[in-house]
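A short write-up of the structure that comes next.
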Amino acid sequence: MDTVRELGSYILSVPYFPVLHSVHCFAVSASLRSQKGAVELANKNPLASLAGNLLIVNAGGVLSHLALGLAPMTPFGNVYNILTAVLFWWLAYFSPGDVAFKMYKIKPLQYAITMVRETRRTKKILDTMRLALSVFPDKWIIVVLVTSLGGCGGKFMQTTEESLRLRSTELSSSEFHRISYVTKASLLVSAILTGIHFNVLSVSLEVAVVMISAGLIVINLGMIIAGLPDPFHPIAKVNVTWKRKSTYYHYISSS
């Protein structure tokens, strides 16, 4: 257990810049590069492409600040972070021989990127929780909801980014209509960390960070490598079944 706490302390002490932020920027840029119309937009209107990329990179910070009544442009205030995002955007779209995007497609590298990104997601959710607590120190429901944005903000900004490169008829469903695994996981992690803060859960923060990071990594690798389904799907399926039965019984009783 001491080893786990030491590992947790190390994870908490690791700064975002340069490693965590660089991996995040590379993954976001390469992932967007894979989307329909992304290359065409970058060639025809690189500023619009860069704007969408920066929006997704900083989505968690923008939305959480906005939800807390703080300046949404604050995440763009760090010059080094922005320059790093611009650099990896350029590498993803315009690197000589398209070498950066080809590297991203290498499976072992994708697995390593996933491990770093999920560790970063845990840290980002924790930092967003601390920010939320500074504004709402005793409103745990608000804290849970806002904190989750630190891990899944990009999903909520996806439609906005798509509007820059696709026609309105080609936009995907918003996150509110079809909640993704990332949002569900971020909500769960947010609830766990908030519960620890309010002493509802008697687990040390260091141990929780390690267990959460490991869990996110294992689940994501399982989904990537083995094609495992969304682990929250059975819960959603039960909920849908319950709703159908409730509707049926209501219809019978009102007949």
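The values are calculated or read from the model by the stated rules, or taken from the named source; none is laboratory data. These figures come from a predicted structure and were not determined experimentally. Reconstructed Cβ throughout: ideal geometry from the backbone, glycine too, with neighbour counts over all protein chains shown. In case anyone asks, the SASA skips ligands and DNA or RNA and just uses the protein heavy atoms, side chains included. Shrake-Rupley method; radii C 1.70, N 1.55, O 1.52, S 1.80 Å.
Scanning for something touching a Gly at 6+ places or on another chain (Cβ under 9 Å), at pLDDT below 95, assigned to a helix (DSSP H, G or I) and open to solvent by 70 Å² or more (accessible area, probe 1.4 Å), does region 152-165 turn up at least one residue?
Yes, region 152-165 contains at least one residue that is touching a Gly at 6+ places or on another chain (Cβ under 9 Å), at pLDDT below 95, assigned to a helix (DSSP H, G or I) and open to solvent by 70 Å² or more (accessible area, probe 1.4 Å).
Could you pull out the residue among ILE82, ILE106 that is among the β-branched types (Val, Ile, Thr) and touching a residue at least 12 places away in the same chain (Cβ under 8 Å)? If you could, list the steps in order and put the result at the bottom.
Values: ILE106 fails: touching a residue at least 12 places away in the same chain (Cβ under 8 Å).
Unique residue meeting the criteria: ILE82.
Within region 127-151, count every residue that is buried (at least 24 other Cβ atoms within 10 Å of the Cβ) and over 17 Å from LYS184 (Cβ atoms).
Count: 2.
From the list ILE56, ILE11, ILE82, pick out the single residue that is under 23 Å from LEU149 (Cα atoms), aliphatic (A, V, I, L, M), part of a helix (DSSP H, G or I) and in contact with a Gly (Cβ under 8 Å, 6 or more places away or on another chain).
Of the residues listed, the single one that is under 23 Å from LEU149 (Cα atoms), aliphatic (A, V, I, L, M), part of a helix (DSSP H, G or I) and in contact with a Gly (Cβ under 8 Å, 6 or more places away or on another chain) is ILE56.
Just for helices (runs of 4 or more DSSP H) wholly inside region 176-255: which have at least 1 residues that are modelled with pLDDT of 90 or more?
Filter on region 176-255 gives 181-197, 205-225.
Take region 134-154 and flag every residue that is more than 20 Å from the chain's Cα centre (by Cα) and of a type in the set (Ser, Thr, Tyr).
Answer for region 134-154, where residues must be more than 20 Å from the chain's Cα centre (by Cα) and of a type in the set (Ser, Thr, Tyr): just SER134.
Taking PHE17, is it aromatic (Phe, Trp, Tyr) and buried (at least 18 other Cβ atoms within 10 Å of the Cβ)?
Judged against the criteria, PHE17 is not a match.
Can PHE88 be described as within 30 Å of VAL207 (Cα to Cα) and either assigned to a helix (DSSP H, G or I) or of a type in the set (Gly, Ala, Ser) (or both)?
Considered against the rule, which asks whether it is within 30 Å of VAL207 (Cα to Cα) and either assigned to a helix (DSSP H, G or I) or of a type in the set (Gly, Ala, Ser) (or both), PHE88 comes out as no.
To keep it simple, each residue is scored yes or no on (1) aromatic (Phe, Trp, Tyr); (2) farther than 26 Å from MET129 by Cβ; (3) modelled with pLDDT of 95 or more.
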site: GLY37; (1), (2), (3): no, yes, no
site: ALA48; (1), (2), (3): no, yes, no
site: ASN53; (1), (2), (3): no, yes, yes
site: GLY60; (1), (2), (3): no, no, yes
site: LEU70; (1), (2), (3): no, no, yes
site: ALA85; (1), (2), (3): no, no, yes
site: VAL99; (1), (2), (3): no, yes, yes
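Would a scan of region 51-67 turn up a residue that is surrounded by 14 or more Cβ atoms within 10 Å (Cβ to Cβ) and over 24 Å from VAL182 (Cα atoms)?
Within region 51-67 (the criterion being surrounded by 14 or more Cβ atoms within 10 Å (Cβ to Cβ) and over 24 Å from VAL182 (Cα atoms)), the answer is no, since none of the residues qualifies.
Go through (1) in a helix (DSSP H, G or I); (2) open to solvent by 70 Å² or more (accessible area, probe 1.4 Å) one by one and return the number of the condition VAL23 breaks.
(2)
Identify, please: which residue in region 166-175 is open to solvent by 30 Å² or more (accessible area, probe 1.4 Å) and of a type in the set (D, E, K, R) and is, among those, modelled with the lowest pLDDT?
The selected residue is GLU170.
Is there any pair with a first residue in region 92-103 that is open to solvent by 40 Å² or more (accessible area, probe 1.4 Å) and a second that is at pLDDT 95 or above and among the aliphatic types (A, V, I, L, M) whose Cβ atoms are under 7 Å apart and which are 6 or more apart or on different chains, and what are they?
MET103/LEU109
What pairs come out if I take residues in region 13-40 that are more than 18 Å from LEU54 (Cβ to Cβ) and pair them with residues that are surrounded by fewer than 18 Cβ atoms within 10 Å (Cβ to Cβ) whose C-beta lies under 7 Å away, six or more apart or interchain?
LYS36/LEU166
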